[in-house]
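First comes the structure, then the notes that go with it.
The values are calculated or read from the model by the stated rules, or taken from the named source; none is laboratory data. All of these numbers come straight from a predicted model, not from anything done at the bench. Note: ideal-geometry Cβ built from the backbone for every residue, glycine included; neighbour counts use all protein chains shown.
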Amino acid sequence: MAVIIKLIDIEDSLVLKGNLETTKSSNAYKLASPVHYELMIKKNKDTLSIKGNLNCIVYLTCSRCLDEFPYMINTKVDFKMMSQSLAPNEPELELTRDEMDIYYYEGNEIEFEPIINEEIMLNIPIKPLCKETCKGLCQICGKNLNYEQCDCSKSQGTVLGEKLKNFLN
């Protein structure tokens with residue numbers, strides 16, 4: 001179910017809380033639990049100030065061993081929203097730190113699902129690991145070294161490595 005609020009529903013402030021069962025997520029993650037959100041929205045002239053919490057569990061793929069693992073996201077959000085009509089029209093603009101936390105909306109409704117999805121994406125590690133001590137995959141046979149040892153000779157070169165050695169000699 002989409003999380004949409006109408007601007008006329010916000011007098012001075014509004015608390016928005018609930019669970020989002022699915023998101024229009026990218027390929028970066030799959031939800032393992034609903035996204036629980038609790039957001040305080042304060043209206044100040046043309047600006048909305050949004051603060052609150054998001055938490056959920058997502059499934060990520062380990063960058064070393066390629067196993068899928070659950071990852072807990074528990075984050076605080078703090079950003080502002082303004083009408084698209086107030087957005088700068090300059091083709092190139094150097095943003096200040098404060099301007100980086102501004103979202104723009106069009107019309108009289110705001111859909112929060114894309115914003116929630118973006119906040120989840122911002123909290124996913126660049127190089128997700130199932131555990132810090134993950135041994136990864138064998139470069140030769142591809143076995144997951146977390147579960148079994150392989151009999152590959154570690155000194156054995158790869159085809160690319162051999163071509164590089166021949167090129168350098």
message = Residue under question is Y37, and the condition is that it be closer than 26 Å to Y147 by Cβ, at pLDDT 85 or above and of a type outside the set (A, V, I, L, M); does it hold?
response = no
query = With respect to D67, is the statement that it is among the charged types (D, E, K, R) and either at pLDDT 90 or above or outside the structural domain of Y103 (by TED's automatic domain parsing) (or both) true?
reply = yes
message = Looking only at region 81-136, how many residues end up being at pLDDT below 90 and either part of a loop (DSSP other than H, G, I, E, B) or outside the structural domain of E21 (by TED's automatic domain parsing) (or both)?
response = 15
key: Matching residues, region 59-86, being over 13 Å from the mean Cα position of the chain (by Cα), under 17 Å from I115 (Cβ atoms) and among the hydroxyl-bearing types (S, T, Y)   = S83
inquiry  = Filter region 35-80 down to the residues that are among the small types (G, A, S) and in a loop (DSSP other than H, G, I, E, B) and list them by number.
reply    = S63
request  = Could you run through region 131-155 and say how many residues are out of contact with any Lys or Arg (no Cβ under 9 Å at 6 or more places or on another chain) and of a type in the set (V, I, T)?
outcome  = 1
